[in-house]
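I have placed the structure first, in the form of structure tokens, so that the comments after it can refer back to it.
The values are calculated or read from the model by the stated rules, or taken from the named source; none is laboratory data. All values derive from a computational prediction rather than experimental measurement. Neighbour counts run over all protein chains shown; Cβ positions are idealised from the backbone, glycine included. Heads up: the accessible areas ignore ligands, DNA and RNA and are worked out on the full protein's heavy atoms, side chains in. Shrake-Rupley method; radii C 1.70, N 1.55, O 1.52, S 1.80 Å.
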Amino acid sequence: MKFLKSPLAAVLCGGIIMGLALGMRHVQGLFMLPMTSARGWGREDFALAIALQNLVWGLMQPITGMLADRFGSRCVLLGGCVLYAIGLYLMAHAGSSTELALSGGLLIGMALAGTSFGTVYGALNRIVSPSRRSWALGLAGAVGGVGQFAMVPAAQGLIASVGWMGALIAVAFVLALAAPLAFSLDDSAAIDAAARPGGDGGRLAAGDAGSMGAAIREALGHRGFWLLNAGFFACGFQLAFIAGHFPAYLRDKGYSANVGVAALALVALANVAGTYLCGQLGSLYRRKHLLAYLYLIRAAAMLAFITAPLSEASIYVFSFVMGLTWLGTVPLTNGLVSQVFGVRYISTLFGFVFVGHQLGGFLGVWLGGVVFDATHSYQLVWIAAVAVGLAAAALHWPIDDRAVARLQPA
């Protein structure tokens with residue numbers, strides 16, 4: 001029982017919850033063709049539901065962040081797992097595009113806000129000592145990456161054996177079983193300590209500790225906060241488009257469903273190493289520079305992918321490179337927010353930054369469906385993904401990453 005209250009248990013349990021939640025999101029593209037075929041929907045109908053999911057996730061993240069900062073992360077994580085299970089069950093039984101939007105879009109979007117990195121990383125920032133935060137965020141992201149990787153063959157196997165409806169219900173059951181893991185991420189004591197004068201590792205000034213509103217106003221008045229938000233838009237746009245449409249894109253090019261499954265699995269596998277590595281590098285180099293380089297690498301990889309002749313080799317190389325940069329942006333962005341503003345309201349402030357990410361996610365997955373239905377090609381969306389990546393790299397470089405004045409050591 002003592003282990004369940006240790007920082008390592010918090011990292012592992014948080015990583016497992018995050019892996020299941022993000023893993024199901026990662027494989028949504030595998031459900032597009034069988035669901036639309038069975039229900040007689042267009043790709044835009046499915047894409048709109050997933051786009052709504054991304055938008056709701058982003059808009060709800062500040063709210064779940066406020067709840068986690070005020071009442072503790074474990075309650076938010078527990079509720080998120082239960083809501084995710086309900087959303088998947090209802091998605092499996094959706095008989096119209098409206099029901100799909102409400103279940104797969106609204107409910108699962110709300111659930112993701114309570115089960116993903118915003119809540120998990122916020123809890124770990126408070127539970128783990130400052131010297132080990134990069135390790136904790138990197139390892140939790142890597143564990144989550146393993147979950148994402150495992151979800152790809154699991155989802156494909158379930159679809160093949162029990163159908164897409166049975167697969168959704170099975171994953172709902174697993175998420176419900178994972179809900180008790182939330183009790184290992186108890187950060188209530190750290191929240192109480194940080195709320196007192198001199199909290200936040202001794203860096204938080206007396207008189208600044210108790211006001212969430214003051215922390216939000218301070219962040220919204222910081223130019224770097226807005227640059228970080230705008231740059232994170234590119235991450236959401238790129239990831240949501242690829243996760244939602246890449247398997248269908250490959251099928252349109254004449255490749256079997258197994259190639260799409262292998263590509264997503266390779267993305268998830270490389271993400272394990274990439275997320276952990278980015279978390280570690282964040283303690284050695286300036287995070288804003290690392291983020292700029294990640295977006296440049298992504299833009300270059302996508303540009304090379306759409307201009308070079310398409311082959312299985314190019315698909316797998318592209319998937320591996322994208323996987324190395326897939327969620328590595330998250331511990332770096334989260335760490336940058338805590339570096340500048342402290343950890344007392346980290347879940348709330350990261351939630352506001354994440355709004356930009358999910359606005360990008362909404363446009364990425366939705367425009368993928370709209371553009372394909374209009375042109376029968378994804379080419380324009382690929383070009384847009386390259387462009388926003390270059391813009392994100394330029395936006396991150398001038399961010400002022402110094403701790404705000406009230407957080408300077410005495």
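Data table
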read-out: Helix-only mean residue ellipticity at 222 nm for the chain, each DSSP H run of n ≥ 4 adding -39500 (n - 2.57), per residue, nearest 500; value: -26500 deg cm²/dmol
read-out: Share of carbon and sulfur in the accessible heavy-atom surface of the stretch 298-410 [1.4 Å probe, %]; value: 74 percent
read-out: Size descriptor, Kirkwood hydrodynamic radius, that averages inverse alpha-carbon separations across the stretch 299-398, Å; value: 15.6 Å
read-out: Accessible area per residue, Å², the stretch 319-376 with all protein chains present, probe 1.4 Å; value: 22 Å²
read-out: Residue 401-residue 63 FRET efficiency (beta carbon distance; Förster radius 22 Å; 0.05 resolution); value: 0.25
read-out: Per residue, in Å², the accessible surface of the stretch 1-108 once ligands and nucleic acids are set aside, probe 1.4 Å; value: 37 Å²
read-out: Of all accessible heavy-atom area on the stretch 44-143, the percent that carbon and sulfur account for (1.4 Å); value: 70 percent
read-out: Distance in nm between pseudo-label sites at residue 162 and residue 214 (7 Å out along the Cβ direction from Cα); value: 5.3 nm
read-out: Relative contact order [Cα under 8 Å, 6+ residues apart], the chain, whole percent; value: 28 percent
read-out: Global form of the stretch 1-70, assessed from the alpha-carbon gyration tensor, a/c cut-off 1.5; value: oblate
read-out: Largest-first principal axis extents, alpha carbons of the chain, Å; value: 63, 43, 34
read-out: Virtual spin-label span in nm between residue 226 and residue 93, 7 Å along Cα→Cβ; value: 4.7 nm
read-out: Heavy-atom accessible surface of the stretch 209-272: percent carbon and sulfur, 1.4 Å; value: 60 percent
read-out: Net lengthening on full extension, residue 170/residue 37 (0.36 nm per residue, minus Cα-Cα); value: 45.8 nm
read-out: Share of alpha-carbon pairs per 10 Å distance bin for the stretch 59-143, given as whole %; value: 19, 39, 29, 11, 3, 0
read-out: Charge dipole (debye, nearest 20) of the stretch 16-127; +1 at Cβ of Lys and Arg, -1 at Cβ of Asp and Glu; value: 260 debye
read-out: Radius of gyration, Dmax [the stretch 84-187; alpha carbons; angstrom]; value: 15.9, 51
